[in-house]
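Q: Have a look at this one before I ask anything.
The values are calculated or read from the model by the stated rules, or taken from the named source; none is laboratory data. Since we're looking at a predicted model, the values are computed, not measured. Positions of Cβ are backbone-derived with ideal geometry, glycine not excepted, and every protein chain shown enters the neighbour counts. When the accessible area is computed, the model is the full protein with side chains, heavy atoms only, and any ligands, DNA or RNA have been set aside. Shrake-Rupley method; radii C 1.70, N 1.55, O 1.52, S 1.80 Å.
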Amino acid sequence: MRFRNWSGHVHAYPHTFRRPTSAGELSEVLTSAAEAGQRVRPVGAGHSFTPVAAGDEVMVNLDHLSGIISVDEASQRVRFHAGTRLRDIPALLAPFGLALANQGDVNPQALAGAISTSTHGTGLGFTGFAGTLTGLSLMGPDGTAVQLSATRDPEIFDLARVSLGVLGIVTEIELQCVSSFDLIAEEVVTDLDDLLDDLEPRMRAADHFEFYWFPHTDTALTKTNTRVGPGEIGPGHLAEAGVRNRILNLLDKEVVENGALRLAVELGSAVPSLVPHINRIAQSAVSDRTYRAPGHDVFVTPRRVRFNEMEYAVPFASGAEVIAEIRAAIESRGWTISFPIEVRSAAADDVPLSTAYERDTMYIAVHRYVKDDFAEYFRVVEQICRRHGGRPHWGKIHSLGAGELRELYPRFEDFCALRNQLDPQAVFGNRFTDSLFGLGSRVS
Ligand SMILES: Cc1cc2nc3c(=O)[nH]c(=O)nc-3n(C[C@H](O)[C@H](O)[C@H](O)COP(=O)(O)OP(=O)(O)OC[C@H]3O[C@@H](n4cnc5c(N)ncnc54)[C@H](O)[C@@H]3O)c2cc1C
């Protein structure tokens with residue numbers, strides 16, 4: 001069996017790859033792995049850019065443990081099997097008039113995979129997925145599952161909300177959902193300098209704000225999404241926003257955001273000197289638009305052009321400065337970067353290994369087409385972000401190990417101690433997670 005992540009950058013050849021169809025079967029997989037001294041990696045959709053989910057011995061995927069377990073309509077809390085893919089959730093929640101509070105920009109991920117790396121969307125009034133977690137079930141190396149929540153083993157629950165699959169297998173996830181909502185999306189091309197001068201208030205004023213800047217251009221595409229109840233009229237100038245035909249929306253995302261991008265990055269990869277011209281043409285071809293659609297349709301865009309990505313979570317107030325420094329680095333080094341830089345935000349949360357732990361956060365993501373070498377670009381961007389106290393996304397490329405991560409997460413040692421308690425043999429891990437959590441001696 002060969003495992004390959006979404007970008008194709010990570011490969012693994014596990015001895016055993018299992019897709020259990022019941023908790024009992026999963027339990028047997030874990031006990032026999034522990035008896036044989038084999039290490040286990042849970043994997044969701046393989047959408048992480050690092051080897052965090054890759055394993056040489058046993059890999060376990062929960063695609064067959066998917067769907068809703070229970071819904072508490074009064075509290076709007078929904079319990080899911082942990083293998084549920086994000087793309088299936090809108091249809092599962094629709095009969096209850098519920099939705100996920102916020103989402104990132106794609107939806108193939110498994111719920112457990114998304115939560116385990118602190119996956120996030122954008123919006124200063126919202127946390128990432130892990131901040132909406134109200135309960136989970138965790139199966140340890142002995143094949144026994146424990147239920148965790150703010151009232152059942154709260155200290156373990158607290159630390160286990162973001163755990164990169166090194167505490168055990170998450171089998172069930174309870175989330176605080178919200179009433180379903182529409183988004184009115186406004187996409188506007190803006191001067192980058194003006195935007196950076198005004199970034200904080202603009203991000204604070206919107207429900208969801210993000211922007212894309214194509215290097216070598218002076219403008220950015222801003223996306224501002226306003227939440228409205230289904231059937232509710234939008235405020236002020238948004239009252240007239242037309243409901244966008246689903247097919248047209250999809251066509252736009254497929255043809256403009258994927259087809260045109262593929263052409264541009266292929267051409268840029270073959271002839272790098274053309275990249276600045278291509279980026280300017282691409283940016284000038286984007287036009288302003290306003291439309292309305294169900295929240296999940298607006299948040300998510302299919303990503304067909306493969307890339308590698310690094311994303312840092314920097315203190316909110318440092319965001320504009322970090323972007324200006326990255327821009328200066330690109331210009332001074334003469335690199336040609338075809339992929340846009342993506343900037344988002346999230347509210348501070350209380351999840352110990354969340355990238356937004358105890359601070360409002362700006363997320364700054366850089367990408368390179370899969371055929372282009374990312375090493376030098378990512379190295380320099382990482383240096384800039386680290387100077388500002390940035391924390392790397394747990395599922396995206398970075399070079400940090402336990403020594404540096406310890407400084408970034410005040411409860412890092414508590415997490416390592418819990419890991420030692422729940423999984424003393426470090427069954428759940430690989431060489432990569434060992435470097436993250438300081439298990440240099442237990443290398444498989
Ligand atoms: C095109 C693309 C777009 C993306 N967009 C965003 C975005 O908008 N926002 C964002 O924050 N991130 C984004 N990401 C990153 C992505 O959300 C994370 O890397 C996420 O963890 C991937 O989910 P997955 O199901 O593929 O998990 P995997 O990559 O398969 O695994 C991720 C981690 O979860 C663990 N895990 C998986 N299942 C379980 C389980 N049952 N129990 C315990 N641990 C488990 C794995 O061991 C691993 O440590 C994007 C990635 C891609 C490729």
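Q: So Val381 ticks every box in (1) farther than 24 Å from Ala346 by Cα; (2) among the hydrophobic types (A, V, I, L, M, F, W, C); (3) open to solvent by less than 50 Å² (accessible area, probe 1.4 Å) but one. Which box is left unticked?
A: Exception for Val381: condition (1).
Q: Quick one: which of Arg411, Arg368 is closer than 30 Å to His208 by Cα and more than 21 Å from the chain's Cα centre (by Cα)?
A: When all the criteria are applied, what remains is Arg411.
Q: Quick one: Thr222 ticks every box in (1) farther than 30 Å from Gly268 by Cα; (2) away from the ligand (no atom under 16 Å from the Cβ) bar one, so which box is it?
A: Status for Thr222: all satisfied but (1).
Q: Identify the residue in segment 18-49 that is more than 8 Å from the ligand (Cβ to nearest atom) and over 17 Å from Pro141 (Cβ atoms) and, among all such residues, is surrounded by the most Cβ atoms within 10 Å (Cβ to Cβ).
A: The qualifying residue surrounded by the most Cβ atoms within 10 Å (Cβ to Cβ) is Arg19.
Q: Moving on to the next point. Going residue by residue through segment 159-168, is there one that turns out to be within 30 Å of Glu35 (Cα to Cα), of a type in the set (S, T, N, Q), outside the structural domain of Val300 (by TED's automatic domain parsing) and surrounded by fewer than 21 Cβ atoms within 10 Å (Cβ to Cβ)?
A: Checking segment 159-168: not a single residue is within 30 Å of Glu35 (Cα to Cα), of a type in the set (S, T, N, Q), outside the structural domain of Val300 (by TED's automatic domain parsing) and surrounded by fewer than 21 Cβ atoms within 10 Å (Cβ to Cβ).
Q: When only residues in segment 306-359 that are among the basic types (Lys, Arg) and within 12 Å of the ligand (Cβ to nearest atom) count, which is nearest to the chain's Cα centre (by Cα)?
A: Checking each candidate, the answer is Arg344.
Q: Could you count how many residues in segment 386-430 are open to solvent by 20 Å² or more (accessible area, probe 1.4 Å), more than 18 Å from Arg161 (Cβ to Cβ), away from the ligand (no atom under 14 Å from the Cβ) and not in a helix (DSSP H, G or I)?
A: Summing the residues that are open to solvent by 20 Å² or more (accessible area, probe 1.4 Å), more than 18 Å from Arg161 (Cβ to Cβ), away from the ligand (no atom under 14 Å from the Cβ) and not in a helix (DSSP H, G or I) in segment 386-430 gives 5.
Q: Let me ask something else about it. What's the total number of residues in segment 169-182 that are farther than 16 Å from Gly83 by Cα and either near the ligand (Cβ under 9 Å from one of its atoms) or buried (at least 22 other Cβ atoms within 10 Å of the Cβ) (or both)?
A: Final tally of qualifying residues: 2.
Q: Output the residue which, of all residues in segment 67-100 that are in contact with a Lys or Arg (Cβ under 8 Å, 6 or more places away or on another chain) and touching a residue at least 24 places away in the same chain (Cβ under 8 Å), is surrounded by the most Cβ atoms within 10 Å (Cβ to Cβ).
A: Among those residues, the one meeting the criterion is Val71.
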